[in-house]
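Written below as structure tokens is the structure these notes are about.
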Amino acid sequence: MKTETTIQGLAASLNPARAARKIIGFVPTMGNLHEGHLSLVREARQLCDVVVVSIFVNPIQFGPNEDFDNYPRTLEQDSQLLAEAGCDIVFAPSVEQMYGKSPRLTNISVSEITEDLCGLQRPGHFDGVAVVVTKLFNIVQPNYAFFGQKDYQQLAVIRQFVRDLNIPLEVIGVPIVRAEDGLALSSRNGYLSEQERKTAPVIYQSLKNAEQALQQGEKLSEVLANIKAALTQAGFVVDYVEARTPELQKIDEFNQEIVLFVAAKLGSTRLIDNMQIKPTA
Ligand code: AMP
């Protein structure tokens with residue numbers, strides 16, 4: 001496995017593969033890798049000839065009071081995990097390499113689907129994601145790009161601008177990887193105290209309970225209220241509990257496939273999760 005820290009170096013590493021018309025798979029990450037990230041790498045390994053993983057903590061997707069400075073940076077450990085998972089090239093650029101010294105005057109902003117859920121509490125977040133992902137797509141020029149359904153709204157935003165801007169690649173969504181107790185794996189889980197870590201799976205449990213209640217005919221509004229109540233009782237400060245269509249349109253009834261979304265804070269750690277639920281025939 002090679003590690004490249006410059007755009008030029010990455011191009012030099014990838015050019016022979018491009019010339020030989022190899023299929024290039026790309027997995028963008030912010031590092032501090034866990035099994036969730038590695039499932040994307042394994043999926044890429046299966047579909048592609050060359051697997052590129054980027055590790056870049058992107059400053060412009062963090063708000064002023066968010067955790068950019070404290071975000072865990074564990075490049076050495078990440079490299080070992082990536083080598084084992086079958087990655088060919090790690091791209092780990094500096095902020096300067098990605099953004100240069102002169103000011104950036106271009107933004108990429110997806111409307112409507114960024115205006116609620118995480119977009120409400122994190123203004124500018126999805127613009128920052130759209131800009132960095134577009135830059136990375138242009139730098140790597142992959143055939144396939146892999147993203148986790150854990151960040152469902154992010155995946156929808158990326159699919160949208162790839163379609164709207166005719167970016168020539170295919171986006172592949174990969175299912176959420178969870179700990180044994182149901183907690184969705186996340187680099188931010190490392191911020192949780194021992195006690196908070198024990199409480200955190202309540203998110204998944206309340207989503208599972210919601211699924212069962214919906215299948216038994218309970219009203220969607222009541223089910224959402226019950227999730228909120230369960231989280232509040234467990235000590236979370238709820239940001240949102242919402243139901244949407246898979247395309248993120250608002251919905252009042254469970255009469256088609258829906259996605260339940262949760263964002264809640266435990267202490268100072270903000271956790272998100274979601275669950276796709278189909279009516280049984
Ligand atoms: P991050 O490093 O948090 O920016 O995540 C990089 C990629 O890994 C994103 O596409 C995430 O959606 C994906 N990812 C993170 N956690 C998980 C998980 N538990 N299961 C599946 N994919 C995940």
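Quick check on my filter: what residues within the range 251-281 are in the same structural domain as residue 223 (by TED's automatic domain parsing), of a type in the set (S, T, N, Q) and outside any strand (DSSP E or B)?
Across the range 251-281, the qualifying residues are 255, 256, 268.
Which members of the range 42-59 meet the condition of being crowded, with 18+ Cβ neighbours inside 10 Å and in contact (Cβ under 8 Å) with a residue 60 or more places away in the chain?
43, 44, 48, 52, 54, 56, 58
For the range 2-11, state whether one or more residues are in contact with a Cys (Cβ under 9 Å, 6 or more places away or on another chain) and surrounded by 17 or more Cβ atoms within 10 Å (Cβ to Cβ).
no
With the structure loaded, tell me whether residue 123 is within 16 Å of the ligand (Cβ to nearest atom), over 15 Å from the mean Cα position of the chain (by Cα), farther than 17 Å from residue 50 by Cα and not in a helix (DSSP H, G or I) or whether it fails that test.
No.
Out of the residues in the range 91-111 meeting the condition of being exposed (fewer than 10 other Cβ atoms within 10 Å of the Cβ) and modelled with pLDDT of 95 or more, tell me which one is nearest to residue 55 (Cα to Cα).
Filtering first and then ranking leaves 96.
Take the range 130-162 and flag every residue that is aromatic (Phe, Trp, Tyr) and touching a strand residue (DSSP E or B) at 6+ places or on another chain (Cβ under 8 Å).
Matches in the range 130-162: 137, 144, 146, 147, 152.
Please go through the range 36-58 and give me each residue that is near the ligand (Cβ under 7 Å from one of its atoms) and under 14 Å from residue 80 (Cα atoms), ordered by number.
The answer is 37, and nothing else.
Which residues, counting only those in the range 184-201, are more than 9 Å from the ligand (Cβ to nearest atom) and hydrophobic (A, V, I, L, M, F, W, C)?
Passing the criteria: 192, 200.
Okay, residues lined up against (1) over 18 Å from the mean Cα position of the chain (by Cα); (2) in a strand (DSSP E or B); (3) surrounded by 17 or more Cβ atoms within 10 Å (Cβ to Cβ):
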{"residue": "77", "(1), (2), (3)": "yes, no, no"}
{"residue": "113", "(1), (2), (3)": "no, no, yes"}
{"residue": "119", "(1), (2), (3)": "no, no, yes"}
{"residue": "129", "(1), (2), (3)": "no, no, yes"}
{"residue": "139", "(1), (2), (3)": "yes, no, yes"}
{"residue": "145", "(1), (2), (3)": "no, yes, yes"}
{"residue": "155", "(1), (2), (3)": "no, no, yes"}
{"residue": "163", "(1), (2), (3)": "yes, no, no"}
{"residue": "168", "(1), (2), (3)": "yes, no, no"}
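Using the structure shown, decide if residue 187 is on the phi < 0 side of the Ramachandran plot, among the polar types (S, T, N, Q), within 18 Å of the chain's Cα centre (by Cα) and surrounded by 13 or more Cβ atoms within 10 Å (Cβ to Cβ).
yes
The values are calculated or read from the model by the stated rules, or taken from the named source; none is laboratory data. Since this is a predicted model, take the numbers as computed values, not measurements. Here Cβ is always computed from backbone atoms with ideal geometry, including for glycine, and neighbour counts include all displayed protein chains.
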